[in-house]
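Some notes on the structure that comes next.
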Amino acid sequence: MQAVLTQEKSIYLQIAEMIENDILREVLLEEEQAPSTNELARVYAINPATAAKGVNLLVDEGILYKKRGIGMFVMAGAKEKIRRKRRESFYQDYVARLLEEARSLGISREELIQMIAGQDKEG
């Protein structure tokens, strides 16, 4: 939990993303306690309500769950759920756009595969 917050996207989304990154990198393990909203607020010098919004987003997505009186914990299967979500996002944000642009430029599938593999250095 050492990332720096930026102004590129909402702080609560960045908090949620940092927790997800910690789960993917196995800094936070499934069924392990996640940082509290107060801890997140202190570390990142943000309002606890903002930290809570990021944590609650992950609760809504089934990544974290609350143990009453104890805190938030990483849900079993959270790592795979995050991977699936991010793979879908990667496809939509990058691959689908790449394929659309390649079609509009008349780039064949074979040419595109060569470009991605770094075999075609010509422009």
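Some values worked out for this structure:
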| item | result |
| --- | --- |
| Output for the range 8-35, where each listed residue is modelled with pLDDT of 95 or more, surrounded by fewer than 18 Cβ atoms within 10 Å (Cβ to Cβ) and either touching a His at 6+ places or on another chain (Cβ under 8 Å) or not in a helix (DSSP H, G or I) (or both) | R25, E26, V27, L29, E30, E31, E32, Q33 |
| Candidate set from the range 10-62 (those that are touching a strand residue (DSSP E or B) at 6+ places or on another chain (Cβ under 7 Å) and of a type in the set (V, I, T)); member that is farthest from V74 (Cα to Cα) | V55 |
| Enumeration of residues in the range 69-88 that are loosely packed, with under 15 Cβ neighbours inside 10 Å and either assigned by TED's automatic domain parsing to the domain that holds N38 or not basic (K, R) (or both) | G69, I70, A76, G77, E80, E88 |
| Total residues in the range 89-117, condition surrounded by fewer than 11 Cβ atoms within 10 Å (Cβ to Cβ), farther than 30 Å from E17 by Cα and not small (G, A, S) | 3 |
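The values are calculated or read from the model by the stated rules, or taken from the named source; none is laboratory data. Source: prediction; values computed, not measured. Backbone-built Cβ (ideal geometry, glycine too); neighbour counts: all protein chains shown.
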